[in-house]
Amino acid sequence: MWSILPHLALVGKYHNRILIETPSVIPVMKKLICLSMAALVVLAGVSCKKANNGDAGNDPGIVTPDPSGETIVVPEAVDLGIVVDGKTIKWGSFNLGATKPEEYGDYYAWGETEPKDDYSWSTYKFGTSASGPFSKYNTEDDKTVLESGPEGDDVASKLLGGKWRMPTDAEWTALRTQCTWTAQDGINGRLVTATNGNSIFLPFAGFRDATGLSSAGSYGSYWSSSLNTDGPYRAWGVNFDSDYVGSYHYPRYSGFSVRPVCEE
């Protein structure tokens, strides 16, 4: 289907990760297999500049975390015309842990920054049951959005650096209500198209519960960075299939996909 690994060039390091950048302006437009000629995914070659940390480059590329050696590809930042609280929110062209739009990528419990084999309360970082207590993001610490940065709990921010982070519930709501979500015959996901003509593809990656993977190929579950303040054992996410798109709050231990965003 798609291929979005342009020519790369070594530019330096960011928080002990090797950065390899892509050229700064490379429009990437590929037709979806099995779609009509008019249905295009426009992966705009617009990159969010990274924060002024170390000697990191400014463009998408490959981040290799140290010491694991796992390769993480930084997506293109697609302008879908989403503005929340006066800030332009650009959406990554593929999921965290993937290398192209149709790949599922990795799954994360809310507030955790590494994939794992078992997604349950017994393995959750901040608490071991729905009744709590929770060591962080609870009713007492006033933390309602995942903390970003290299030492934070926002996995997109930690792995990609710069201005990349997880979307808030408000930003997912804007994407749901301001863009057209189109189901595709023969393609397991939704094409999300903005009024400016740019698009991203969100695959039906399913979700992980305990040691299993459920609903892959028919259902998408994506985390936001927002805590459900009415019940802090849950956090907000978006879910969708071929007929439905909505948001709900889910147990924080659940293994969901992450679609990064970049703030400008």
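Scan the strands (runs of 3 or more DSSP E) fully inside the stretch 166-264 and keep the ones with 1 or more residues being over 19 Å from Ala77 (Cβ atoms) and out of contact with any helix residue (DSSP H, G or I) (no Cβ under 7 Å at 6 or more places or on another chain). Steps first, answer last, please.
Numbers: elements: 180-184, 187-193, 199-203, 207-209, 212-214, 220-227, 234-240, 245-251, 261-263.
Output list reads 180-184, 187-193, 207-209, 212-214, 220-227, 234-240, 245-251.
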Checked against (1) surrounded by fewer than 20 Cβ atoms within 10 Å (Cβ to Cβ); (2) modelled with pLDDT of 95 or more; (3) in a loop (DSSP other than H, G, I, E, B), Val83 satisfies every condition except (3)
Val238 fails exactly one of (1) in contact (Cβ under 8 Å) with a residue 60 or more places away in the chain; (2) buried (at least 21 other Cβ atoms within 10 Å of the Cβ); (3) over 14 Å from the mean Cα position of the chain (by Cα), namely (3)
Sole miss for Ala174 among (1) farther than 12 Å from Leu227 by Cα; (2) crowded, with 22+ Cβ neighbours inside 10 Å is condition (2)
Within the bounds of the stretch 123-138, is there any residue that is buried (at least 21 other Cβ atoms within 10 Å of the Cβ), in a helix (DSSP H, G or I) and among the hydrophobic types (A, V, I, L, M, F, W, C)? no
Per the list (1) more than 14 Å from the chain's Cα centre (by Cα); (2) under 26 Å from Pro75 (Cβ atoms); (3) hydroxyl-bearing (Ser, Thr, Tyr), residue check on Ser120 breaks on (2)
Per the list (1) more than 15 Å from Ser257 (Cβ to Cβ); (2) in a strand (DSSP E or B), residue check on Gly162 breaks on (2)
*Quick one: would you say Gly97 is out of contact with any helix residue (DSSP H, G or I) (no Cβ under 7 Å at 6 or more places or on another chain), farther than 18 Å from Phe201 by Cβ and either in a loop (DSSP other than H, G, I, E, B) or of a type in the set (A, V, I, L, M) (or both)?*
no
Counting only residues in the stretch 157-186 that are touching a strand residue (DSSP E or B) at 6+ places or on another chain (Cβ under 8 Å) and under 16 Å from Ser242 (Cβ atoms), the one modelled with the lowest pLDDT is identified as Gln184
Across (1) touching a strand residue (DSSP E or B) at 6+ places or on another chain (Cβ under 6 Å); (2) crowded, with 21+ Cβ neighbours inside 10 Å, Ser120 clears everything bar (2)
Among residues of the stretch 142-167 being hydroxyl-bearing (Ser, Thr, Tyr) and in contact with an Asp or Glu (Cβ under 9 Å, 6 or more places away or on another chain), the residue farthest from Pro101 (Cα to Cα) is Ser148
Across (1) at negative phi; (2) touching a residue at least 60 places away in the same chain (Cβ under 8 Å); (3) not β-branched (Val, Ile, Thr), Ala210 clears everything bar (1)
Quick count over the stretch 106-117, residues being out of contact with any Phe, Trp or Tyr (no Cβ under 9 Å at 6 or more places or on another chain) and surrounded by fewer than 16 Cβ atoms within 10 Å (Cβ to Cβ), is 1
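The values are calculated or read from the model by the stated rules, or taken from the named source; none is laboratory data. This is a predicted model, so every value here is computed, not measured. Reconstructed Cβ throughout: ideal geometry from the backbone, glycine too, with neighbour counts over all protein chains shown.
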